[in-house]
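Peer 1: Quick one: the structure is below, questions incoming.
The values are calculated or read from the model by the stated rules, or taken from the named source; none is laboratory data. All of these numbers come straight from a predicted model, not from anything done at the bench. Here Cβ is always computed from backbone atoms with ideal geometry, including for glycine, and neighbour counts include all displayed protein chains. The protein model used for the area step is the full one, side chains on, heavy atoms only, and it has no ligands, DNA or RNA in it. Shrake-Rupley method; radii C 1.70, N 1.55, O 1.52, S 1.80 Å.
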Protein chains: 2
Amino acid sequence: MTNQHFSTKDRILSAAEDLFAKSGFAGASLRQVTSVANVNLAAVNYHFGSKENLINELFKRRLDELTAQRTKALEQVLKESSVTLESVLEAFVAPALTLAQDRGGGQSFVRLLARAFAEQDQRLRRFVSDNYGHVLKEFAKSISALLPHLAKEDLYWRLDFVSGALTYAMSDFGMIKKPPTLTEEQHRRNAARQFVRFAAAGLRAP
Amino acid sequence: MTNQHFSTKDRILSAAEDLFAKSGFAGASLRQVTSVANVNLAAVNYHFGSKENLINELFKRRLDELTAQRTKALEQVLKESSVTLESVLEAFVAPALTLAQDRGGGQSFVRLLARAFAEQDQRLRRFVSDNYGHVLKEFAKSISALLPHLAKEDLYWRLDFVSGALTYAMSDFGMIKKPPTLTEEQHRRNAARQFVRFAAAGLRAP
DNA sequence: CTACTATTCAAACACTTGTTTCATACAGTT
DNA sequence: AACTGTATGAAACAAGTGTTTGAATAGTAG
């Protein structure tokens, strides 16, 4: 039926992304997933081995792309002659917002990411931190260099707040809805601008 | 055995708070809850009617207290002659941090709150917003009055970021762990101070 | 074609889920 | 003392869970 021209694996991943974002990892069953994906129930265990492994592959698929784009954007910024706090933050948030707006299920994934952080589940948190923590460290280092007068402890607190603000805002639980007058592209740019201004000011707090 | 001097209802609520925070609403079963609470399985349905209703009562118990304290703190602040952005933010965050540090399961509840926001589940979100939205509006109004030059649209974005920063940071104080040299009380005050500084600066961003 | 592997499918597996039932125990009242 | 409503208990309920099985089907290389 739907997406019949995508592979079984991809259809499972997309359906799982949607349903896990909607109902949580425990809340969505493999029967729901395979039903939406138009795939036999056994296909999940055949292609992914287990439900838990499906979840990991799901994160891998998106995060590999996200961290690659973030790394590229940061490198680009650091190459310029005048590196500003705003430009570093922009390099961090722009790829995420692009993903959040991607038509191919990226929206669901961003919500899934927020959920993963809310999960106390240590396995998933370790998986994310092990595989993608180094990028975050790169950003932290760049930001630290731009705020030489800021005590390390203060910096850590504020980076924490910044992460929270971004995670929360991106998964659009927030009040902010795209007004009909704006295109998605404009809304995305607007969100990025708002976030960068807020985060930069917060990081520079006296 | 444990907490035998608490009522069955209270023991269920406490155990549920812990387990739901740890594993999510779908992830923790009533059998786990009743086992931890040292209570018969049927007691949940007897005292609360259903699992869903148990969840609601759980939120009610904590949020009633939290919103009451926030309202009181805000009124106190607004009574003073010089109301600052910092003092309003302090009134908002202090009760939450007190709760987050409460020994009687408040820590779990705060994590639960973060999880509830991550839930796409509309029933729970409506329950929270219906019953406790008015307090948030009060704070938004007070903050708006203190930032007369800020466009409404900008204000909404920034309040969104502030909520995110707080939710995320509170849900287990993010990366920030209490150093052993500090008492919990000191750590709490520190967190509040850090948050207020960050949020105030972000809200005042040029 | 044949042989072979990779994939799909329906059915079953063993187990857990929230909820209900009904018998039992324990108050407090008359 | 018997009666009453509240609370607890063990057991069962139907439905849903992730996973496994073994046969049926494509699809491909020799």
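Peer 1: Test of understanding: among A:V110, A:V93, which residue is touching a residue at least 60 places away in the same chain (Cβ under 8 Å), within 14 Å of chain B (Cβ to nearest Cβ) and touching a Ser or Thr at 6+ places or on another chain (Cβ under 7 Å)?
Peer 2: Unique residue meeting the criteria: A:V110.
Peer 1: Considering only residues that are surrounded by 16 or more Cβ atoms within 10 Å (Cβ to Cβ), within 14 Å of chain A (Cβ to nearest Cβ) and not hydrophobic (A, V, I, L, M, F, W, C), look in the range B:28-62 and name the one that is farthest from DNA strand C (Cβ to nearest atom).
Peer 2: B:Q32
Peer 1: Further, regarding this structure: Identify, by number, the condition in (1) in a helix (DSSP H, G or I); (2) open to solvent by 40 Å² or more (accessible area, probe 1.4 Å) that B:A201 doesn't meet.
Peer 2: (2)
Peer 1: Considering each of A:G49, A:G24 in turn, give the residue that is on the phi > 0 side of the Ramachandran plot and touching a helix residue (DSSP H, G or I) at 6+ places or on another chain (Cβ under 8 Å).
Peer 2: A:G24
Every residue, every condition in (1) more than 8 Å from chain A (Cβ to nearest Cβ); (2) within 16 Å of the chain's Cα centre (by Cα); (3) in a helix (DSSP H, G or I), yes or no:
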site: B:P148; (1), (2), (3): yes, no, no
site: B:A165; (1), (2), (3): no, yes, yes
site: B:P179; (1), (2), (3): yes, no, no
site: B:R193; (1), (2), (3): yes, no, yes
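Peer 1: Restricting to the range A:94-114, what's the tally of residues that are open to solvent by 20 Å² or more (accessible area, probe 1.4 Å) and either under 18 Å from A:T71 (Cβ atoms) or modelled with pLDDT under 75 (or both)?
Peer 2: Counting residues in the range A:94-114 that are open to solvent by 20 Å² or more (accessible area, probe 1.4 Å) and either under 18 Å from A:T71 (Cβ atoms) or modelled with pLDDT under 75 (or both) gives 7.
Peer 1: Looking at B:R111, B:R61, which one is within 23 Å of B:Q186 (Cβ to Cβ) and among the basic types (K, R)?
Peer 2: B:R111 is the lone residue from the list that is within 23 Å of B:Q186 (Cβ to Cβ) and among the basic types (K, R).
Peer 1: Is there a residue being more than 12 Å from chain A (Cβ to nearest Cβ) and modelled with pLDDT of 80 or more anywhere in the range B:115-126?
Peer 2: Scanning the range B:115-126, I find no residue that is more than 12 Å from chain A (Cβ to nearest Cβ) and modelled with pLDDT of 80 or more, so the answer is no.
Peer 1: Turning to a different aspect of this structure: Given the condition touching a residue at least 24 places away in the same chain (Cβ under 8 Å), more than 16 Å from DNA strand D (Cβ to nearest atom), closer than 23 Å to A:A26 by Cα and out of contact with any strand residue (DSSP E or B) (no Cβ under 8 Å at 6 or more places or on another chain), answer yes or no: does some residue in the range B:44-56 qualify?
Peer 2: Yes.
Peer 1: Oh, and also: Looking at B:A169, is it closer than 29 Å to B:I55 by Cβ and either open to solvent by 80 Å² or more (accessible area, probe 1.4 Å) or modelled with pLDDT of 85 or more (or both)?
Peer 2: Answer is no for this residue.
Peer 1: Taking the range B:15-27 as the search range and keeping residues that are touching a residue at least 60 places away in the same chain (Cβ under 8 Å) and crowded, with 18+ Cβ neighbours inside 10 Å, which one is farthest from DNA strand D (Cβ to nearest atom)?
Peer 2: B:A21
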